[in-house]
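The values are calculated or read from the model by the stated rules, or taken from the named source; none is laboratory data. For clarity, every value in this text was computed on a predicted model and none was experimentally measured. Virtual Cβ from ideal backbone geometry, glycine too; neighbours counted across all protein chains shown.
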Amino acid sequence: MSGDAAQIGEQVRAQIGELIGALIGAYAERLDAGDLDGVAALFDRGTFRSARGGEPLVGADAVRRQYAPVLLYDDATPRTKHVLANIEVVVGDVIDGEAITATSCCTFTVFQQANGSDLRAILAGRYHDRFECDDDGWHFVERVVHPDLIGDLSLHMSRR
């Protein structure tokens, strides 16, 4: 039986929000830690693309190639901190009382301090995400990155 999010209670909706929030946070934490394979693994069954255009990256291997130019420093990190805010999660389709889809949007700002530079914001924008839940749990289906403000990325990524 198919239906909408009204079939599930507020407690379940809050639990789903926490699970989705953990996925959103895992992306930022893994990237800041220099775990580029871990970032890519989040999209094993999903796509990743920029709202500015280009082909969607499908699967972990394609996403990992996207992050190949990220510069890692002596501490094996890109010396960044992703700050996420205004996270909104909306539960979508429900089957037999179980949520199976959700969407989210949030804002992000990436700060960096590398090679003796001052701490500075290098990127700010929005993530628009879609998720599905199956027997393995919640996972990314799609992330669309809206890079609204782009600063100096020269200490963050090498030229392709």
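Kindly indicate the residue of the stretch 134-160 that is without any contact (Cβ under 8 Å) to a residue 60 or more places away in the chain and of a type outside the set (Asp, Glu) and also farthest from Gln15 (Cα to Cα) among those meeting that condition. Before you say what the answer is, go through the steps one by one.
Within the stretch 134-160, the first condition is being without any contact (Cβ under 8 Å) to a residue 60 or more places away in the chain, and the residues that meet it are 134-136, 148-154.
Narrowing the set further to residues that are of a type outside the set (Asp, Glu) leaves 149-151, 153-154.
On the way: Leu149: 32, Ile150: 34, Gly151: 36, Leu153: 36, Ser154: 39 Å.
Top of the filtered list is Ser154.
Residues of the stretch 60-81 being of a type in the set (A, V, I, L, M) and part of a loop (DSSP other than H, G, I, E, B), which ones?
Keep residues of the stretch 60-81 that are of a type in the set (A, V, I, L, M), which gives 60, 62-63, 68, 70-72, 76.
Scanning the stretch 60-81 gives Ala68, Leu71, Leu72, Ala76.
Conditions (1) part of a strand (DSSP E or B); (2) surrounded by 16 or more Cβ atoms within 10 Å (Cβ to Cβ), marked per residue:
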{"site": "Glu88", "(1), (2)": "yes, no"}
{"site": "Ala102", "(1), (2)": "yes, yes"}
{"site": "Cys105", "(1), (2)": "yes, yes"}
{"site": "Phe108", "(1), (2)": "yes, yes"}
{"site": "Asn115", "(1), (2)": "no, no"}
{"site": "Ile122", "(1), (2)": "yes, yes"}
{"site": "Arg130", "(1), (2)": "yes, yes"}
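Specify which of the listed residues (Thr107, Thr77, Thr103, Thr47) is over 24 Å from Asp136 (Cα atoms) and touching a strand residue (DSSP E or B) at 6+ places or on another chain (Cβ under 6 Å).
Values: Thr77 fails: touching a strand residue (DSSP E or B) at 6+ places or on another chain (Cβ under 6 Å); Thr103 fails: over 24 Å from Asp136 (Cα atoms); Thr47 fails: over 24 Å from Asp136 (Cα atoms).
Just one listed residue meets the conditions, Thr107.
Please specify each residue of the stretch 123-149 satisfying the condition of being of a type in the set (A, V, I, L, M) and closer than 21 Å to Arg65 by Cα.
Of the stretch 123-149, the ones of a type in the set (A, V, I, L, M) are 123-124, 141, 144-145, 149.
The answer is Leu123, Val141, Val144, Val145.
I need every pair where a residue in the stretch 97-125 that is acidic (Asp, Glu) has its Cβ under 9 Å from the Cβ of a residue that is assigned to a strand (DSSP E or B), sequence separation at least 6 or different chains.
Glu98/Cys133
Just the residues that are surrounded by 14 or more Cβ atoms within 10 Å (Cβ to Cβ) and in contact (Cβ under 8 Å) with a residue 40 or more places away in the chain, please, taken from the stretch 57-72. Steps first, answer last, please.
Residues of the stretch 57-72 that are surrounded by 14 or more Cβ atoms within 10 Å (Cβ to Cβ), as a first pass: 57-60, 62-64, 66-67, 70-71.
Val70, Leu71, listed by residue number.
I'm trying to understand the selection: among the residues of the stretch 53-74, which are of a type in the set (D, E, K, R), within 20 Å of Phe140 (Cα to Cα) and modelled with pLDDT of 95 or more?
We begin by selecting, within the stretch 53-74, every residue of a type in the set (D, E, K, R); these are 55, 61, 64-65, 74.
Cutting the leftovers down to within 20 Å of Phe140 (Cα to Cα) gives us 55, 61, 64-65.
The answer is Asp61, Arg64, Arg65.
Quick one: is Ala40 out of contact with any strand residue (DSSP E or B) (no Cβ under 8 Å at 6 or more places or on another chain), within 19 Å of Asp136 (Cα to Cα) and surrounded by 17 or more Cβ atoms within 10 Å (Cβ to Cβ)? Break it down stepwise before answering.
On the way: out of contact with any strand residue (DSSP E or B) (no Cβ under 8 Å at 6 or more places or on another chain): yes; within 19 Å of Asp136 (Cα to Cα): yes; surrounded by 17 or more Cβ atoms within 10 Å (Cβ to Cβ): yes.
When the stated conditions are applied, Ala40 passes them.
Here is a list of conditions, (1) under 19 Å from Asp35 (Cβ atoms); (2) at pLDDT 95 or above, and His128 meets all of them except one; can you say which number that is?
Status for His128: all satisfied but (1).
Which residue, of Leu153, Leu149, Leu84, is under 25 Å from Arg52 (Cβ atoms) and assigned to a loop (DSSP other than H, G, I, E, B)?
Leu153
Take the conditions under 21 Å from Phe111 (Cα atoms), in contact (Cβ under 8 Å) with a residue 24 or more places away in the chain and exposed (fewer than 15 other Cβ atoms within 10 Å of the Cβ) and apply them to Gly34. Does it pass? If you could, list the steps in order and put the result at the bottom.
Numbers: under 21 Å from Phe111 (Cα atoms): yes; in contact (Cβ under 8 Å) with a residue 24 or more places away in the chain: yes; exposed (fewer than 15 other Cβ atoms within 10 Å of the Cβ): no.
When the stated conditions are applied, Gly34 does not pass them.
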